[in-house]
Amino acid sequence: MLIEEGIVYFIDYLYVEKGLSKNTIQSYQKDLELFLQSNPDMQEVMDINSENIRKFVRYQTARGLSPTSIIRRVSTIRNFLIYLQREGKYLLQIPKIDLPKKAIHLPTYLTEEEVEALLMAPDMTKKEGIRDRAMLEVMYSSGLRVSELLSLTKGKVNISKGIVTIIGKGSKERRVPIGDFALEYLVKYLDEVRDKKRNARTEVIFLNKFNKPISRQYFHRIIKQYAKLVGIDKEISPHTLRHSFATHLLEHGAQLRVVQEMLGHSDVATTQIYTTITQNRIVSAYDLYTKRK
């Protein structure tokens, strides 16, 4: 079978049987067309082997394509071969290719001074400001995910013990401490704002002026506004507070396993990325010091 003919059958399969979106299928088709272009002598499906896939990887790398994009395109070729093999058109063993490693993208985090400025940004003379300060304090103090913060209910907060019970990813429950400052602002919000909302029909703590739970989009928008207000020019999101929480804990000597448990990471490798941030920061400080000598 000609490769071009196999691609036609494969695309039909993606449309009819897999039900993939038009954009996804177009990406698959483009990947396969680029694979063909990089190997003009390859005509039959049985011509596809490890060497011409490696050639394709080298070609894409030379063009400056990111490792993530190259891995995705090789995955397309692999899925194509799996389909052909299942249809009895590709009789060879599917080649295994050494792929480029994905670059580690370190998360953006704030310094402790920047966090302090951000926390103080809301106008505490306004109800919305009291609420926003409480949200920012609780998120940073306990390292919550955005979804965990915005779905937090009264019954999950033990004020007397300073403990928040979180239902995280995979419905896993964890209990995390909430700092004294965060607890103070949370109690202030509950007493002065939240408990005065008589028409609220939800146990969710953080509500908008219509007595509805705060949306992710709204929280994302206001945190960027507060950052701009205090002169933080980093590209941040609500998750930046969670990254900052983890980084600062490790900088102050917290054990990796403890931070993992507080964040609710199922794999410690996910938490280890914050040790890279901490190490980079230490190296950066050392380099700066030696330059001044």
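The values are calculated or read from the model by the stated rules, or taken from the named source; none is laboratory data. What you see is a predicted model; the values in this text were computed from it and never measured. For neighbour counting, all protein chains shown are included, and Cβ atoms are generated from backbone atoms with ideal geometry for every residue, glycine included. Each accessible area value is taken on the protein alone, full model and side chains, heavy atoms only, with ligands, DNA and RNA left out. Shrake-Rupley method; radii C 1.70, N 1.55, O 1.52, S 1.80 Å.
Of the residues making up the stretch 234-253, just one is under 26 Å from S171 (Cβ atoms), surrounded by fewer than 21 Cβ atoms within 10 Å (Cβ to Cβ) and of a type in the set (G, A, S), namely S237. Residues that are among the β-branched types (V, I, T), open to solvent by 100 Å² or more (accessible area, probe 1.4 Å) and modelled with pLDDT under 95 within the stretch 91-142 comprise just one, I104.
The lone criterion from (1) free of Cβ contacts under 8 Å to residues at least 24 places away in the same chain; (2) touching a His at 6+ places or on another chain (Cβ under 9 Å) left unmet by Y109 is number (1).
The rows are residues; the columns are (1) under 23 Å from E5 (Cα atoms); (2) more than 32 Å from the chain's Cα centre (by Cα).
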residue: D47; (1), (2): yes, yes
residue: S50; (1), (2): yes, yes
residue: Y59; (1), (2): no, no
residue: I82; (1), (2): yes, no
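Do we have D47 as of a type outside the set (V, I, T) and open to solvent by 80 Å² or more (accessible area, probe 1.4 Å) here? When the stated conditions are applied, D47 does not pass them.
Residue-by-condition table, conditions (1) of a type in the set (F, W, Y); (2) in a helix (DSSP H, G or I); (3) over 21 Å from the mean Cα position of the chain (by Cα):
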position: N211; (1), (2), (3): no, no, yes
position: F219; (1), (2), (3): yes, yes, no
position: I223; (1), (2), (3): no, yes, no
position: T240; (1), (2), (3): no, yes, no
position: H243; (1), (2), (3): no, yes, no
position: A246; (1), (2), (3): no, yes, no
position: A254; (1), (2), (3): no, no, yes
position: H265; (1), (2), (3): no, no, no
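Checked across the stretch 160-173, the condition of being of a type in the set (G, A, S), open to solvent by 100 Å² or more (accessible area, probe 1.4 Å) and closer than 18 Å to S141 by Cα holds for at least one residue. Restricting attention to the stretch 44-72, the residues that are outside any helix (DSSP H, G or I) and modelled with pLDDT of 90 or more add up to 3.
Counting the residues of the stretch 149-201 that are over 21 Å from G129 (Cα atoms), free of Cβ contacts under 8 Å to residues at least 24 places away in the same chain and of a type outside the set (D, E) gives 11. Taken together, the residues in the stretch 187-228 that are touching a strand residue (DSSP E or B) at 6+ places or on another chain (Cβ under 9 Å) and open to solvent by 50 Å² or more (accessible area, probe 1.4 Å) amount to 3.
The number of residues in the stretch 73-112 that are farther than 17 Å from Q37 by Cβ and in a helix (DSSP H, G or I) comes to 10.
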